[in-house]
Amino acid sequence: MKKRSRVRLPRFASEREAARFWSATDSTPYAKGLKEVRVSATRAVKARVRRRAAAKTPITIRLESGQIEKAKRLARTRSIGYQTMLRMWIAERLARERAG
């Protein structure tokens, strides 16, 4: 059996460059090279999260099971939840439609 070598984390010149990379890259191969860290949020950030959550209205939408599975697979490669990804897609399309 061939031993899998650890994938090295790239170095980034800026946070924007890192964000672009991670938004388009599956983080799974890099997991062994990452250290677990504790993250805490400020009161302001926690308040913003609560406000955003309160502003969302739940809806029901019927999708084919194959569509849901594909969305879940795609979201997993981006390390986000599939419902979050679907909301992002809707927001992007609405912005495009607004722009003309």
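Any read-out appearing in this document is the output of simple, stated calculations on the displayed coordinates, not a laboratory observation. Just so we're clear, the structure is a prediction, and the values are computed from it rather than from any experiment. Note that each Cβ is placed from the backbone with ideal geometry, even for glycine, and that neighbours are counted across all protein chains shown.
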On a full-extension model of 0.36 nm per residue, what is the gain between Trp22 and Ile61, subtracting their alpha-carbon distance, rounded to one decimal in nm? 11.1 nm
For Val39, Val45, Val7, what's the fewest-to-most ordering of other Cβ within 10 Å of each Cβ? Val39, Val45, Val7
Does the stretch 33-99 come out rounded, prolate or oblate, given a ≥ b ≥ c as the square roots of the eigenvalues of its C-alpha gyration tensor, rounded meaning a/c under 1.5 and, failing that, prolate meaning a/b above b/c? oblate
Name the residue from Ile68, Tyr30, Met85 whose Cα lies farthest towards the positive end of the charge dipole of the chain, charges +1 on Cβ of Lys and Arg and -1 on Cβ of Asp and Glu. Tyr30
Taking Thr60, Thr42, Thr25, Thr84 and counting other beta carbon atoms within 10 angstrom, the fewest-first order is Thr60, Thr42, Thr84, Thr25
Given labels modelled 7 Å from the Cα in the Cβ direction, how far is it in nm from Ala99 to Lys46? 3.7
Within 10 Å of each candidate Cβ there may be at most 14 other Cβ atoms; applying that plus a DSSP loop requirement, which trypsin sites (Lys or Arg not before Pro) in the stretch 1-90 survive? Lys2, Lys3, Arg4, Arg6, Arg8, Arg11, Lys35, Arg38, Lys56, Arg62
